[in-house]
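The values are calculated or read from the model by the stated rules, or taken from the named source; none is laboratory data. These numbers were taken from a predicted model, which means no experiment stands behind them. Glycine also receives a Cβ, built like all others from the backbone with ideal geometry; neighbour counts cover every protein chain displayed. Ligands, DNA and RNA are excluded from the accessible area calculation, which covers all protein heavy atoms including side chains. Shrake-Rupley method; radii C 1.70, N 1.55, O 1.52, S 1.80 Å.
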Amino acid sequence: MFVVTGATGNVGRPLVQALARTGEPVTAVSRKEADLPVGVRHVRADLVEPETLKPALDGARTLFLLTSPDFLAAGGDLNGVLRTAEASGVRRVVLLSSQGVATGRHAPGLEDAVVTSGLEWTLLRPGGFHSNAFGWAEMVRTRRTVEAPFGDVALPTVDPVDIAEVAAAAMREDGHAGRAYTLTGPEPVTPRQQAAAIADALGEPVRFAELSRAEARTRMLQVMPEPVVESTLDILGTPTPAEQRVSEDVERVLRRPARSFAEWAGVNAAVFK
């Protein structure tokens, strides 16, 4: 049986769908009720309280771990989650980490806990998500405008569905143990180019308006902690060569190219109408 935590998110939802299509038993874990494919079992649990996971892990062999941004701030202990998983019979863990761990932007604590757990492990390290553009949806719907900083700085953002499909492969197939995959899209894309791709998907003009770093910071502080805001702005504005580099890991695992931002925009055009 497969267990997917964070089952209602941009990665967890398509991962549950991908695993459910195989016909194998899947348990979806989230803190709230979820609309799930037929046949998928749902368990409400919170990783901050590992004991709540026990009903989900009964009979499981493989676990997908996705921690929320506030996991550590809320006192979460991944070692406790991993001990609970091992005691329940889990033998393989796939962790959704971040490219920032490899580049030194983010602390390696979660990865370290998984690697030293004694369980078979795979690390997924995506950079920015195509779906971060959902943050522009309201302004595109109401004003046909995208407002963002660093309009001409390009990063190879990745489709969350590609992340999910790599996760499904790592959970189902042999040969991924002890591997860390950097997950990117097929080419770097700027915010200005993303706005143009959304316009193409809508068949209507979308104006791009560049924010200053200070303006972007003020907006981001409304929904994100200050250290996360500063780190994110550093990546968006002054990325390292490693952060701008396209990885072939999606294509290597899935044996097909990663989906471009333009493809993602086409699939999700209704959100911006």
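The figures follow:
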{"read-out": "Failed item in (1) surrounded by fewer than 16 Cβ atoms within 10 Å (Cβ to Cβ); (2) closer than 27 Å to residue 107 by Cα, with residue 232 passing the rest", "value": "(1)"}
{"read-out": "Candidates 231, 247, 260 - the one that is among the small types (Gly, Ala, Ser), within 25 Å of residue 124 (Cα to Cα) and out of contact with any strand residue (DSSP E or B) (no Cβ under 9 Å at 6 or more places or on another chain)", "value": "231"}
{"read-out": "Looking only at the stretch 21-35, and only at residues there that are of a type in the set (Gly, Ala, Ser) and at pLDDT below 95, the one that is nearest to the chain's Cα centre (by Cα)", "value": "30"}
{"read-out": "Residue match in the stretch 95-105 (condition: open to solvent by 10 Å² or more (accessible area, probe 1.4 Å), touching a residue at least 12 places away in the same chain (Cβ under 8 Å) and under 20 Å from residue 217 (Cβ atoms))", "value": "yes"}
{"read-out": "Residue selected from the stretch 163-201 under the condition among the charged types (D, E, K, R) and touching a Ser or Thr at 6+ places or on another chain (Cβ under 9 Å), by the criterion nearest to residue 267 (Cα to Cα)", "value": "187"}
{"read-out": "Subset of the stretch 128-145 that is touching a residue at least 60 places away in the same chain (Cβ under 8 Å) and among the hydroxyl-bearing types (Ser, Thr, Tyr) - its residue that is nearest to residue 106 (Cα to Cα)", "value": "131"}
{"read-out": "Residues of the stretch 93-118 satisfying the condition of being over 20 Å from residue 162 (Cα atoms), out of contact with any helix residue (DSSP H, G or I) (no Cβ under 6 Å at 6 or more places or on another chain) and among the aliphatic types (A, V, I, L, M)", "value": "107, 114, 115"}
{"read-out": "Cβ-Cβ under 9 Å pairs, at least 6 apart or on other chains, the stretch 36-61 side within 20 Å of residue 119 (Cα to Cα) and of a type in the set (Lys, Arg), far side open to solvent by 20 Å² or more (accessible area, probe 1.4 Å) and part of a loop (DSSP other than H, G, I, E, B)", "value": "54/88; 61/1; 61/91"}
{"read-out": "Qualifying residues in the stretch 4-32 (those that are closer than 20 Å to residue 70 by Cβ and out of contact with any helix residue (DSSP H, G or I) (no Cβ under 6 Å at 6 or more places or on another chain)) - the one most open to solvent (accessible area, probe 1.4 Å)", "value": "32"}
{"read-out": "Criterion violated by residue 246 - all others in (1) in contact with a Lys or Arg (Cβ under 7 Å, 6 or more places away or on another chain); (2) assigned to a loop (DSSP other than H, G, I, E, B); (3) surrounded by 14 or more Cβ atoms within 10 Å (Cβ to Cβ) satisfied", "value": "(1)"}
{"read-out": "Strands (runs of 3 or more DSSP E) within the stretch 1-72 that include 2 or more residues more than 17 Å from residue 163 (Cβ to Cβ)", "value": "26-30, 41-44"}
{"read-out": "Positions within the stretch 42-56 being open to solvent by less than 100 Å² (accessible area, probe 1.4 Å) and within 22 Å of the chain's Cα centre (by Cα), in sequence order", "value": "42, 43, 45, 46, 47, 48, 50, 53, 56"}
{"read-out": "Residues being within 18 Å of the chain's Cα centre (by Cα) and assigned to a helix (DSSP H, G or I) - total across the stretch 99-135", "value": "15"}
